[in-house]
Amino acid sequence: MNIKKTIAGISALSWLISSGAFTAMNAFAADAAEYRTGQITAHLYSEDNLRDIECRYYNDMPNVPYIKLSDYYSC
């Protein structure tokens with residue numbers, strides 16, 4: 001019985017992750033909203049290891065940077 005709950009939990013979690021990733025990837029595909037591009041500095045595991053990442057700032061939420069999923073995974 002615990003195995004069925006575990007499998008159901010993993011299945012639900014994988015569905016949530018995949019739908020969230022699909023939504024994040026569609027944010028860059030939908031160019032109907034106005035945005036500006038910019039650079040942010042990411043700290044990778046320490047303050048000495050820095051990397052600049054390109055991001056978008058949409059006009060409806062100008063203080064929230066949106067980063068491509070592929071850029072996030074490459075860090």
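No lab work stands behind these numbers, since they all come straight from the coordinates. Everything numeric here is computed off the predicted structure, so don't read it as measured data. Quick reminder, even Gly has a Cβ in these numbers, built from the backbone with ideal geometry, and neighbours come from all protein chains shown.
For every other residue with a beta carbon closer than 13 angstrom to the beta carbon of His43, add +1 if it is Lys or Arg and -1 if Asp or Glu, then tell me the sum.
Neighbour charge sum, excluding His43 itself: -2.
Just want the ordering: Cys55, Cys75, from fewest to most Cβ atoms lying within 10 Å of their own Cβ.
Cys75, Cys55
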